[in-house]
Amino acid sequence: MCNLTVMLMSYHIYYNASVYVYSLAELDAEVRKLGRELKEIEKEILYQRNHKTGHPDDKFIQVMGDFVTVATYKFSELEDKFKEMQDRVSGAV
């Protein structure tokens, strides 16, 4: 390969790596935000359980309780996979 090709390839790799790191930071912020929002849903369910003011046939607590149980488990998996991805990226960069 000629020097110009090597230089262009090096620039391309460097540029893509810096864009990727920036995107990883945004993704990290989104994962954290998702975790905070899940905690807000948990708080609302607890509030609703303690202040039963709705209609007797209201299924909010039951439905959202089931949702939060599954979502919390899946979010935990997401956090684990995200951490694994961060470790792999930091080892590659």
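Filter the range 45-71 for residues that are in a loop (DSSP other than H, G, I, E, B) and of a type in the set (D, E, K, R); which is surrounded by the fewest Cβ atoms within 10 Å (Cβ to Cβ)?
Asp57
For the range 36-66, filtering for residues that are under 22 Å from Glu79 (Cβ atoms) and of a type outside the set (A, V, I, L, M, F, W, C) leaves 9. Of all the criteria given as (1) farther than 15 Å from Leu24 by Cα; (2) aliphatic (A, V, I, L, M); (3) surrounded by 12 or more Cβ atoms within 10 Å (Cβ to Cβ), the one not satisfied by Val89 is (1).
Any read-out appearing in this document is the output of simple, stated calculations on the displayed coordinates, not a laboratory observation. Quantities reported herein were computed from a predicted structural model and do not represent experimental measurements. Please note: Cβ atoms are built from the backbone with ideal geometry, for glycine as well, and neighbour counts cover all protein chains shown.
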